[in-house]
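The values are calculated or read from the model by the stated rules, or taken from the named source; none is laboratory data. Everything quoted here is computed from the prediction, not taken from an experiment. Cβ sites come from the backbone with ideal geometry, for glycine too, and all protein chains shown count toward neighbours.
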Amino acid sequence: MSDALTVGVAIAIPQPHASVLAKWRREVGDPAADLVFPHVTLLPPTPVPREQLADVEKHLAGAAAAHEPFVMHLAGTGTFRPMSQVVFIQVATGVAACEVLERDVRSGPLARNLEFPYHPHVTVAMDIDDTRLDDAYEGLSGFVARFSVDNFVLFSRSAEGRWDWRREFPLGSAPADGSG
């Protein structure tokens, strides 16, 4: 794909939680700390021909509309070590909603195979030395956040490796505050 854009789809972690997680990622020396907004991935980096971007956005709008907003609760840390040098914040509530949403996002023009089975999480440290991974794991072990997820975001990777926010896609129509 000569004229392709690398995109990703994610649930962005809202403020003030995003700042806390980004600060930790920076403090442990993760080189991606200022390139990647804290998020739960729905579609990992995927090349898309630029001429298919409108079809991708139409697909994402349809996937978003088919799912109602939900509450996400993040709690504590986990790790993929030794398989992968990653420490993450665990999704305690909202796992099933993420799994179904991910399956719908990663279909149609965005259909692709994954390197590992899908596991919703928020990466907070990656590909750094074990001591720094341990610092993130222990330092964020008591992290807790609860918020409504009412959209997901299409990101694209810049030439500098930064993930830029392209467009939000609102989920369904009902509030995720438990009312109704």
Given Ala97, Ala75, which one is surrounded by 15 or more Cβ atoms within 10 Å (Cβ to Cβ), in contact with a Phe, Trp or Tyr (Cβ under 6 Å, 6 or more places away or on another chain) and outside any loop (DSSP other than H, G, I, E, B)? Ala97
Is it true that Phe152 is in contact with a Gly (Cβ under 6 Å, 6 or more places away or on another chain), of a type outside the set (D, E, K, R), touching a residue at least 24 places away in the same chain (Cβ under 8 Å) and not in a loop (DSSP other than H, G, I, E, B)? no
Quick test of your reading of the structure: Arg103 fulfils all but one of (1) under 15 Å from Ile13 (Cα atoms); (2) under 15 Å from the mean Cα position of the chain (by Cα). Name the failing condition by number. (1)
Go through Val20, Val7 for me and flag whichever is among the hydrophobic types (A, V, I, L, M, F, W, C) and assigned to a strand (DSSP E or B). Val7
Every residue from the stretch 126-144 that is within 20 Å of the chain's Cα centre (by Cα) and either assigned to a loop (DSSP other than H, G, I, E, B) or not aromatic (Phe, Trp, Tyr) (or both): Met126, Asp127, Ile128, Leu133, Ala136, Leu140, Ser141, Phe143, Val144
Are any residues in the stretch 76-133 closer than 26 Å to Leu60 by Cβ and of a type in the set (Ser, Thr, Tyr), and if so, which ones? Thr93, Ser107, Tyr118, Thr123
Restricting to the stretch 1-23, and then to whatever is touching a helix residue (DSSP H, G or I) at 6+ places or on another chain (Cβ under 6 Å) and among the hydrophobic types (A, V, I, L, M, F, W, C), can you tell me which residue is nearest to Arg157 (Cα to Cα)? Leu5
Considering the stretch 49-70 alone, what residues qualify as being in a strand (DSSP E or B) and either over 17 Å from the mean Cα position of the chain (by Cα) or under 15 Å from Arg167 (Cβ atoms) (or both)? Pro49
Determine, yes or no, whether Asp130 is of a type in the set (Asp, Glu) and exposed (fewer than 14 other Cβ atoms within 10 Å of the Cβ). yes
Any residue that is aliphatic (A, V, I, L, M), surrounded by 21 or more Cβ atoms within 10 Å (Cβ to Cβ) and in contact with a Gly (Cβ under 9 Å, 6 or more places away or on another chain) - is there at least one of those in the stretch 112-123? no
Of the residues in the stretch 137-180 that are acidic (Asp, Glu) and either crowded, with 17+ Cβ neighbours inside 10 Å or under 22 Å from Thr123 (Cα atoms) (or both), the one that is modelled with the lowest pLDDT is Glu160
Can you tell me which condition Lys23 does not meet? The list is (1) farther than 30 Å from Tyr137 by Cα; (2) out of contact with any Ser or Thr (no Cβ under 8 Å at 6 or more places or on another chain), and all the others hold. (1)
Which numbered condition Ala33 fails, given (1) assigned to a loop (DSSP other than H, G, I, E, B); (2) in contact with a Phe, Trp or Tyr (Cβ under 7 Å, 6 or more places away or on another chain); (3) free of Cβ contacts under 8 Å to residues at least 24 places away in the same chain: (2)
Given the criteria of a type outside the set (S, T, N, Q) and in contact with a Lys or Arg (Cβ under 9 Å, 6 or more places away or on another chain), does Pro38 qualify? yes
